[in-house]
1. Looking at F29, F42, F110, F117, can you tell me which residue is touching a helix residue (DSSP H, G or I) at 6+ places or on another chain (Cβ under 6 Å) and outside any helix (DSSP H, G or I)?
2. Mind checking whether some residue in the stretch 176-187 is crowded, with 18+ Cβ neighbours inside 10 Å, touching a Ser or Thr at 6+ places or on another chain (Cβ under 9 Å) and not in a helix (DSSP H, G or I)?
3. Among the numbered criteria (1) at pLDDT 95 or above; (2) touching an Asp or Glu at 6+ places or on another chain (Cβ under 7 Å); (3) closer than 17 Å to N75 by Cα, which single criterion is violated by A184?
4. Every residue in the stretch 79-115 that is in contact with a Lys or Arg (Cβ under 8 Å, 6 or more places away or on another chain) and of a type in the set (D, E), please.
5. Would you check which residues across the stretch 77-107 are over 20 Å from V172 (Cβ atoms) and surrounded by 13 or more Cβ atoms within 10 Å (Cβ to Cβ) and list them?
6. Evaluate the following for I275: is it β-branched (V, I, T) and crowded, with 17+ Cβ neighbours inside 10 Å?
7. Could you tell me which residue of the stretch 138-154 is farthest from the ligand (Cβ to nearest atom), considering only residues that are out of contact with any Pro (no Cβ under 8 Å at 6 or more places or on another chain) and modelled with pLDDT of 95 or more?
Amino acid sequence: MLTSQRRLRPFLKWAGGKGQLIEKLARYFPACIKKGKIRKYFEPFLGGGALFFWLAEHGCFEKAYLYEVNPALANCYQVIKKDVKRLIKELEGLEQEYVSKSEAGGEKLFYEKRDEFNAFLRKKASSGFIRRAALLIFLNKTCFNGLYRVNSSGEFNVPFGRYKNPTICNEVNLLGIHEILQKAQIICGDFALCVKEADDESFVYFDPPYRPLSSTASFTSYAKGAFDDREQKRLRKIYGLLDKKGASVMLSNSDPKNVCPDDNFFDDLYQDYRIVRVKATRLINCNANRRGEIKEILVMNY
Ligand SMILES: C[S@@+](CC[C@H](N)C(=O)[O-])C[C@H]1O[C@@H](n2cnc3c(N)ncnc32)[C@H](O)[C@@H]1O
């Protein structure tokens, strides 16, 4: 039986993070996970990896395959897996620099580090992997709302967040994550790559970028390039291929019916599978008053 005990947490706040929803998702896990463990777990839209951490802590898989198209984020996981001690040192340095400043000084420091991070994003990565990972974590802990957003030139453009005492280096958590990542393969690349490795002893959880709830609410920029309806349809094909291979597949997305009751986009796209709706609370919304309860759609092939 799965218990609700948790120690490890995602090391980043990430838009669309599933931390709040896990207990609800757990009710719909395939029987093999509920009873014990599966051989391979796949998370092809890794982001902050909330479900991966949860399943790892509950010993639910033997090996994990994690895919993320954002190179800065994928690098962070790779550095935690291979070089966590040096990353912790780098983060401790950044934390000391930050806490020694006044608010104005902290703000200046933030923008300096943001420029340094963007200089990394502009050039093709061949070195500086640890510094790049430390800067991403630093910016995530000190920027507005812990958001990761890039502009059309691919530059990180989230402003300063004015936090008094953010924990920039959570050593215990990073060491724990380092340990569990030894069971994971981290791939910087497209979700479709998962088809190659998945088989009938696999559980795949798809958590793609949300289909915007309204034309004004479009949060699409985790990386350059939008995840539009064509991408959602490409994902549907991959879902079908995994189903044919015998994998257990779960997918989540925002329910378009939250704003438009007649929008049957996902109901039509996944009409061959089991669809349920669960209540969710959106975490990242610039307007605090609009962080209300909405529904999330889940699609299972089992
Ligand atoms: C909704 S977030 C995942 C959130 C995650 N479940 C969590 O708990 O934090 C979607 C992630 O998919 C990534 N992504 C977008 N397009 C992708 C693609 N084509 N292949 C792989 N990852 C992609 C984004 O960079 C983002 O990190």
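1. F42
2. Scanning the stretch 176-187, I find no residue that is crowded, with 18+ Cβ neighbours inside 10 Å, touching a Ser or Thr at 6+ places or on another chain (Cβ under 9 Å) and not in a helix (DSSP H, G or I), so the answer is no.
3. Single failed check for A184: (2).
4. Correct list: E90, E103, E107.
5. If the condition is that a residue be over 20 Å from V172 (Cβ atoms) and surrounded by 13 or more Cβ atoms within 10 Å (Cβ to Cβ), then Q78, E97, K101, G106, E107 are the ones that fit.
6. no
7. Only one residue tops the list, namely F138.
Residues are listed down the side, and each one gets a yes or a no for (1) touching a strand residue (DSSP E or B) at 6+ places or on another chain (Cβ under 6 Å); (2) of a type in the set (V, I, T); (3) more than 17 Å from G19 (Cβ to Cβ):
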{"residue": "K34", "(1), (2), (3)": "no, no, yes"}
{"residue": "A56", "(1), (2), (3)": "no, no, no"}
{"residue": "F61", "(1), (2), (3)": "yes, no, yes"}
{"residue": "L66", "(1), (2), (3)": "yes, no, no"}
{"residue": "L73", "(1), (2), (3)": "no, no, no"}
{"residue": "K81", "(1), (2), (3)": "no, no, yes"}
{"residue": "R86", "(1), (2), (3)": "no, no, yes"}
{"residue": "E103", "(1), (2), (3)": "no, no, yes"}
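The values are calculated or read from the model by the stated rules, or taken from the named source; none is laboratory data. Keep in mind that this is a model prediction, so the values were computed, not measured. So basically every Cβ, Gly included, is an ideal-geometry build from the backbone, and we count neighbours across all protein chains shown.
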